[in-house]
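Novice: Got a structure for you, written out below as structure tokens; questions coming shortly.
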């Protein structure tokens with residue numbers, strides 16, 4: 001089966017995000033998604049839904065930039081090196097993804113400097129600035145080093161969820177099967193960038209809504 005999953009979504013548990021967790025199922029159904037990964041900042045998601053695929057995840061603030069961990073059972077402390085962070089994800093049998101690796105205006109790991117190999121590289125991040133440059137550089141690196149590639153909206157407001165997603169070909173909707181397929185490279189990143197009006201909306205979302 002093929003599943004459409006937004007692998008980079010923030011909820012109101014992140015201090016800079018405004019999507020209530022209980023709205024995620026309805027939004028996914030509206031956008032034609034089979035599910036998503038909740039990747040709040042330094043907070044492990046443990047949400048589940050009977051109909052949708054909800055992958056537990058976390059976006060960790062390492063010293064070198066952000067690292068996503070999927071399928072982990074315990075939160076990983078912030079402030080470690082990116083290499084240490086990836087090792088801790090691996091110790092929990094989770095999957096590590098380097099999000100927005102070459103963004104200039106966000107805390108981004110430069111994957112070519114890593115000593116420990118992550119499991120995948122995010123090559124489409126809807127919230128990236130100068131995305132025509134950063135996405136191309138991320139994809140070029142991933143192809144050269146033979147990494148699986150992912151896409152995620154990096155959504156912080158309901159309107160942008162699903163703007164990018166990863167098509168994963170897997171045997172079942174079980175988290176283990178999905179993550180095994182991701183690591184094996186049975187993935188296709190899809191999506192586009194958020195609009196300028198949506199960036200502006202995010203800046204003032206909490207004040208207005």
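The values are calculated or read from the model by the stated rules, or taken from the named source; none is laboratory data. Here the structure is a predicted model, which is why all the values come from computation and not from measurement. Cβ atoms come from the backbone with ideal geometry, glycine included; neighbour counts cover every protein chain shown.
Novice: Can you tell me which residues in the stretch 56-76 are at pLDDT 95 or above, part of a strand (DSSP E or B) and either under 13 Å from residue 94 (Cα atoms) or touching a strand residue (DSSP E or B) at 6+ places or on another chain (Cβ under 7 Å) (or both)?
Specialist: 57, 58, 59, 60, 61, 65, 66, 67, 68, 69, 70
Novice: In this structure, does residue 113 turn out to be exposed (fewer than 14 other Cβ atoms within 10 Å of the Cβ) and at pLDDT below 95? Please lay out each step first, then the result.
Specialist: Values: exposed (fewer than 14 other Cβ atoms within 10 Å of the Cβ): yes; at pLDDT below 95: no.
For residue 113, the condition - exposed (fewer than 14 other Cβ atoms within 10 Å of the Cβ) and at pLDDT below 95 - is not met.
Novice: So residue 139 ticks every box in (1) closer than 19 Å to residue 65 by Cβ; (2) modelled with pLDDT of 95 or more; (3) in contact with a helix residue (DSSP H, G or I) (Cβ under 8 Å, 6 or more places away or on another chain) but one. Which box is left unticked?
Specialist: Single failed check for residue 139: (3).
Novice: Of 30, 50, which residue is over 22 Å from residue 159 (Cβ atoms) and surrounded by fewer than 24 Cβ atoms within 10 Å (Cβ to Cβ)? I'd like the intermediate steps shown before the answer.
Specialist: Details: 30 fails: over 22 Å from residue 159 (Cβ atoms).
On inspection, the qualifying residue turns out to be 50.
Novice: Further, regarding this structure: Test residue 107 against the stated conditions and say whether it is in contact with a strand residue (DSSP E or B) (Cβ under 8 Å, 6 or more places away or on another chain), modelled with pLDDT under 95 and closer than 25 Å to residue 74 by Cα. Don't jump to the end; show me each part of the working.
Specialist: Values: in contact with a strand residue (DSSP E or B) (Cβ under 8 Å, 6 or more places away or on another chain): yes; modelled with pLDDT under 95: yes; closer than 25 Å to residue 74 by Cα: yes.
Spelling it out, residue 107 is indeed in contact with a strand residue (DSSP E or B) (Cβ under 8 Å, 6 or more places away or on another chain), modelled with pLDDT under 95 and closer than 25 Å to residue 74 by Cα.
Novice: When you go through (1) surrounded by 16 or more Cβ atoms within 10 Å (Cβ to Cβ); (2) out of contact with any helix residue (DSSP H, G or I) (no Cβ under 8 Å at 6 or more places or on another chain); (3) outside any loop (DSSP other than H, G, I, E, B) one by one for residue 44, which number turns out not to apply?
Specialist: Of everything listed in (1) surrounded by 16 or more Cβ atoms within 10 Å (Cβ to Cβ); (2) out of contact with any helix residue (DSSP H, G or I) (no Cβ under 8 Å at 6 or more places or on another chain); (3) outside any loop (DSSP other than H, G, I, E, B), residue 44 misses just condition (3).
Novice: For the stretch 195-207, does any single residue satisfy the condition of being in contact with a helix residue (DSSP H, G or I) (Cβ under 8 Å, 6 or more places away or on another chain) and either under 20 Å from residue 65 (Cα atoms) or modelled with pLDDT of 95 or more (or both)?
Specialist: Checking the stretch 195-207: not a single residue is in contact with a helix residue (DSSP H, G or I) (Cβ under 8 Å, 6 or more places away or on another chain) and either under 20 Å from residue 65 (Cα atoms) or modelled with pLDDT of 95 or more (or both).
Novice: A follow-up question, please. Do we find a residue being surrounded by fewer than 23 Cβ atoms within 10 Å (Cβ to Cβ), closer than 23 Å to residue 178 by Cα and within 17 Å of the chain's Cα centre (by Cα) anywhere in the stretch 78-86? Break it down into steps so the answer makes sense when it comes.
Specialist: First pass over the stretch 78-86, keeping only residues surrounded by fewer than 23 Cβ atoms within 10 Å (Cβ to Cβ): 78-81, 83-84.
Imposing the further condition that a residue be closer than 23 Å to residue 178 by Cα reduces the set to none.
No: zero hits.
Novice: A follow-up question, please. Residues that are loosely packed, with under 14 Cβ neighbours inside 10 Å, without any contact (Cβ under 8 Å) to a residue 60 or more places away in the chain and assigned to a loop (DSSP other than H, G, I, E, B): does the stretch 15-25 have at least one?
Specialist: yes
Novice: Out of (1) modelled with pLDDT of 95 or more; (2) more than 21 Å from residue 5 (Cβ to Cβ); (3) touching a strand residue (DSSP E or B) at 6+ places or on another chain (Cβ under 9 Å), the odd one out for residue 102 is which?
Specialist: Looking at each condition in turn, residue 102 falls short on (1).
Novice: A follow-up question, please. Within the stretch 119-136, take every residue that is modelled with pLDDT under 95 and within 14 Å of the chain's Cα centre (by Cα) and give me the one that is farthest from residue 21 (Cα to Cα).
Specialist: Only one residue tops the list, namely 128.
Novice: Being within 20 Å of residue 42 (Cα to Cα) and free of Cβ contacts under 8 Å to residues at least 12 places away in the same chain narrows it down to one residue among 91, 119, 83; which is it? Steps first, answer last, please.
Specialist: Working: 119 fails: free of Cβ contacts under 8 Å to residues at least 12 places away in the same chain; 83 fails: free of Cβ contacts under 8 Å to residues at least 12 places away in the same chain.
Answer to the check: 91.
Novice: If I filter the stretch 178-186 for residues that are closer than 15 Å to residue 7 by Cβ and not in a helix (DSSP H, G or I), do I get at least one hit? Give the steps one after another, and end with the answer.
Specialist: Going residue by residue through the stretch 178-186, those that are closer than 15 Å to residue 7 by Cβ are 178-183, 185-186.
Still in the list and also not in a helix (DSSP H, G or I): 185-186.
Yes, that holds for at least one residue.
Novice: Looking only at residues in the stretch 87-102 that are outside any strand (DSSP E or B) and surrounded by 17 or more Cβ atoms within 10 Å (Cβ to Cβ), which one is nearest to the chain's Cα centre (by Cα)? Show your work before the answer.
Specialist: Pass one, the stretch 87-102, residues outside any strand (DSSP E or B): 87-94, 99-102.
Next, only the ones that are surrounded by 17 or more Cβ atoms within 10 Å (Cβ to Cβ) stay: 88-90, 94, 99-102.
Values: 88: 18, 89: 14, 90: 17, 94: 14, 99: 6, 100: 9, 101: 12, 102: 15 Å.
Going through the qualifying residues, I end up with 99.
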